[in-house]
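What follows is a set of notes on a single structure, which appears directly below.
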Amino acid sequence: MRAVAALRNLPHGFWHGVDRCLDHGRGAWPYCVVAFHRIGDYGDELGYPATGFAALCRYWRDHYEIISLDQLLARLAHGDVAGAPTLSVTFDDGYRDNHDVAASILDGFDMSATFFITAGAIGTERRFDWDAGLAQRPALMNWDEVRALRAAGFGIGSHTLNHARVSEVHGRELERELVGSRQLIETELHQRVEDFAYPYGLASDCGTEAREAARAAGYRTCLSCHGGLIEPGVSAYELQRVCVSPRFHARPRDWARGYSRMLWQRGGRASLRAAA
Ligand SMILES: [Zn+2]
């Protein structure tokens, strides 16, 4: 019943996209996976303010079915078709605010999430190069904090050992980044790790070689980060994510507009395929 009430409350503009989507004869909803990095007022593209994050979580809780990565993979494996908008939440890199800030907000809304950690940097003083311009370079989690996330029911996945661009490393080095990170997390968590998110995650980072290397390294899924929704039936090794940005998704209504646009584009592609 909550889902029905939520659908009634969708903001103006949302249904425009939905209508266009359904007009193209595709009643099935796509799956959506969002990606965050840091939660806090950092003033850059990778930091999403905590109050805004809470507002987005509230909006998603009310308007989407929130599913874990496990649930998403099971539905894809079974060929299930989503009857309502679904959303899965992920985080990349392993920032400490994921544990200190994001987890309690997610918990407050009873939302699942998966954290993809840069395994070789966890528990070290290492700071990422792209954070050099920030007033205070954000810290990464230690292993106790990662274990606390897992104990709270969140998923933990690999984001390589050293935030390697998978398309640019090869052979033994690539194997070390993929297998070594999985083994390190498994040793620290005493649990199997099966999910992988490409650092950077551009389309050019997620080619056939990278995909096959991740499969050979024992992962069951690969997540990119170059935008787009996930169609039912897509391979678990080719899951796209939408990076949530304070510039483009500052408020829930901005998210709703962007989501509507993605649905519209999806409808357009389907129409072109049907006409071909
Ligand atoms: Zn990353």
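Values quoted throughout were computed directly from the atomic coordinates according to the rules given, and no laboratory measurement underlies them. Keep in mind that what you see is a predicted model, and the values were worked out from it rather than measured. Note: ideal-geometry Cβ built from the backbone for every residue, glycine included; neighbour counts use all protein chains shown.
Of all DSSP beta bridges in the chain, what percent run antiparallel (nearest 5)?
Close to 10 percent.
Near T90, within a Cβ-to-Cβ distance under 13 Å, what is the net charge of the other residues, with Lys and Arg +1 and Asp and Glu -1?
-3
Could you pull out every residue, at least 5 positions away or on a different chain, whose amide H is within less than 5 Å of the one on G157? Hs are placed 1.01 Å off N in the peptide plane, and Pro or chain starts have none.
Hits under the 5 Å cutoff: F115, F116, I117.
Where the only charges are on Cβ atoms (+1 Lys, Arg; -1 Asp, Glu), what is the dipole of the chain about its Cα centre, to the nearest 20 debye?
880 debye
If each DSSP helix of 4+ residues adds -39,500 (n - 2.57) and the sum is divided by the residues in the chain, what number results at 222 nm, nearest 500 deg cm²/dmol?
Values: 10 runs with 103 residues, N = 276.
Result for the chain, helices only: -11000 deg cm²/dmol.
Along the Cα-to-C-beta direction of F248, a point sits 7 Å from the Cα; which residues of segment 218-233 have their amide N less than 12 Å from that point?
Under 12 Å, as judged by backbone N against the label point of F248, lie 225-229 of segment 218-233.
Between D205, D41, D93, which gets the highest mean-square fluctuation from a Gaussian network model of the chain, Cα cutoff 10 Å?
Fluctuation is largest for D41.
With equal scatterers on the alpha carbons only and no solvent term, can you work out the Debye log10 of I(q)/I(0) for the chain at 0.08, 0.11 1/Å?
The computed values of log10 I(q)/I(0) come out as -0.32, -0.61.
Mean separation of Cα pairs under 8 Å and 6+ residues apart, divided by the residue count of the chain: what relative contact order is that in percent?
Averaging sequence separation for qualifying contacts and normalising by length gives 24 percent for the chain.
Starting from the Kirkwood radius over alpha-carbon pairs of segment 171-276, derive D by Stokes-Einstein at 25 °C in a medium of 0.890 mPa s and give it in µm² s⁻¹.
155 µm²/s
Counting Lys and Arg as +1 and Asp and Glu as -1, what is the net charge of the other residues whose Cβ lies under 12 Å from the Cβ of L184?
Values: positive: R176, R182; negative: E177, E186, E188.
Net charge in that neighbourhood comes out at -1.
Cut-off 10 angstrom, C-alpha nodes, Gaussian network model of the chain. Which of H63, H37, H78 fluctuates the most?
H78
What's the exposure ranking of M111, M262, M141, going from fewest to most Cβ atoms within 10 Å?
The order, fewest Cβ neighbours first, is M262, M111, M141.
Obtain the nm distance between the two label points defined at E45 and R172 by a simple spin-label model: each point lies 7 Å from its Cα along the Cα-to-C-beta direction.
Here the modelled spin labels are 3.6 nm apart.
If you rank D110, D195 by fewest surrounding Cβ atoms within 10 Å, what's the result? List each step's numbers first, then the result.
Working: D110 9, D195 23.
Fewest to most other Cβ atoms nearby, the residues stand as D110, D195.
By count of other Cβ within 10 Å, fewest leading, how are E231, E209 ordered?
E209, E231
Rounded to the nearest 0.05, what FRET efficiency do D100 and D62 give with R0 = 22 Å and r taken as the Cβ-Cβ distance? Could you check?
0.30
Using 0.36 nm per residue, how much length does the chain from A139 to S204 gain when fully extended, once their Cα-Cα distance is taken away?
Stretched fully, the A139-S204 segment lengthens by 20.5 nm.
Could you grab the relative contact order for segment 28-163? Cα pairs under 8 Å, six or more apart, rounded to a whole percent.
Answer for segment 28-163 is 26 percent.
Using Cα-Cα distances under 8 Å and only pairs 6 or more residues apart, what relative contact order does segment 78-157 have, in percent? Provide the component values of the computation, followed by the final result.
Values: 90 pairs, mean separation 28.3, N = 80.
35 percent.
Scanning the chain for helices, which whole DSSP H stretches are 18 Å or more long along the axis (Cα) and average -1.0 or more by Kyte-Doolittle?
Result, helices passing both filters: 50-63.
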